[in-house]
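Data block below; observations after.
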Amino acid sequence: MAMRNTTHRWGALAQLFHWVIVLLIVAQFTLATMWDDLPAGPKKLSLLARHKSIGITVLVLALLRLGWRWANATPALPDDLKPYERKLARLTHVLLYVLLFAVPLTGWTMSSARGFPVSWFGLFQLPDLVPKNKTLYHILDDTHVVLAWTLGSIAVVHLGAALRHHFMLKDDVLRRMLPLRLHKTPEQR
């Protein structure tokens with residue numbers, strides 16, 4: 001499998017970024033749900049620290065993914081899509097990228113406003129983005145939750161569209177983001 005993208009399929013690195021970010025977002029929702037259900041204590045703090053570390057990882061991977069996308073070809077949308085479907089596909093991708101940055105940044109800023117440090121898996125501590133401010137913390141806490149659920153909702157729409165392309169439209173939109181052995185080359189069609 002080629003490392004770089006082509007106009008027909010996503011390359012190995014773009015696929016790796018995509019699927020690792022997907023897994024990390026699922027982990028984030030799982031950790032947040034588990035954290036909400038725990039009483040205050042060391043286990044809750046440990047889950048929150050892991051949640052923050054994964055959030056920073058998502059932020060860095062999203063930056064790398066966006067840079068890789070700008071430096072590579074982008075597979076074309078199917079020719080038979082209606083103009084509104086093309087616009088929705090582009091809007092969905094833009095919103096996903098915006099939220100992949102906004103959710104971790106609001107979480108990091110929220111922790112800073114609360115006076116809680118953000119470290120990356122205990123290896124190093126990140127700087128505070130804002131000074132301690134309880135009012136700002138509460139605003140960011142609500143914002144972070146709304147943005148996270150928005151990201152989850154748009155990701156579900158994205159998944160639904162990929163499944164629609166695969167099962168109903170029977171095109172390569174989903175297959176070109178999957179490993180090579182699952183992708184039909186033009187010669188196999």
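Matching residues to (1) in contact (Cβ under 8 Å) with a residue 40 or more places away in the chain; (2) in a loop (DSSP other than H, G, I, E, B); (3) within 30 Å of T6 (Cα to Cα):
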{"residue": "D36", "(1), (2), (3)": "no, no, no"}
{"residue": "K52", "(1), (2), (3)": "yes, no, no"}
{"residue": "I56", "(1), (2), (3)": "yes, no, yes"}
{"residue": "L59", "(1), (2), (3)": "yes, no, yes"}
{"residue": "W70", "(1), (2), (3)": "no, no, yes"}
{"residue": "V98", "(1), (2), (3)": "no, no, yes"}
{"residue": "L105", "(1), (2), (3)": "yes, no, no"}
If we keep only residues of region 71-88 that are surrounded by 12 or more Cβ atoms within 10 Å (Cβ to Cβ) and hydrophobic (A, V, I, L, M, F, W, C), then the residue farthest from the chain's Cα centre (by Cα) is L81
Taking region 38-50 and the residues there that are over 17 Å from the mean Cα position of the chain (by Cα) and assigned to a helix (DSSP H, G or I), the one that is farthest from K170 (Cα to Cα) would be P42
From the list H158, H144, H165, which residue is part of a helix (DSSP H, G or I), in contact (Cβ under 8 Å) with a residue 24 or more places away in the chain, more than 26 Å from G55 (Cβ to Cβ) and not hydroxyl-bearing (S, T, Y)? H165
Sole miss for H165 among (1) at pLDDT below 95; (2) crowded, with 17+ Cβ neighbours inside 10 Å is condition (1)
Of all residues being within 17 Å of R50 (Cα to Cα) and among the aliphatic types (A, V, I, L, M) in region 89-123, which is surrounded by the most Cβ atoms within 10 Å (Cβ to Cβ)? Just the residue, please. V103
E187 vs (1) at pLDDT 95 or above; (2) part of a loop (DSSP other than H, G, I, E, B): all pass except (1)
Given (1) more than 22 Å from V145 (Cα to Cα); (2) without any contact (Cβ under 8 Å) to a residue 40 or more places away in the chain, number of the condition L64 does not satisfy: (2)
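The values are calculated or read from the model by the stated rules, or taken from the named source; none is laboratory data. Predicted model only: the values in this text are computed from it and were never measured. Methodologically, a virtual Cβ is constructed for each residue, glycine included, from the backbone with ideal geometry; neighbour enumeration extends over all protein chains shown.
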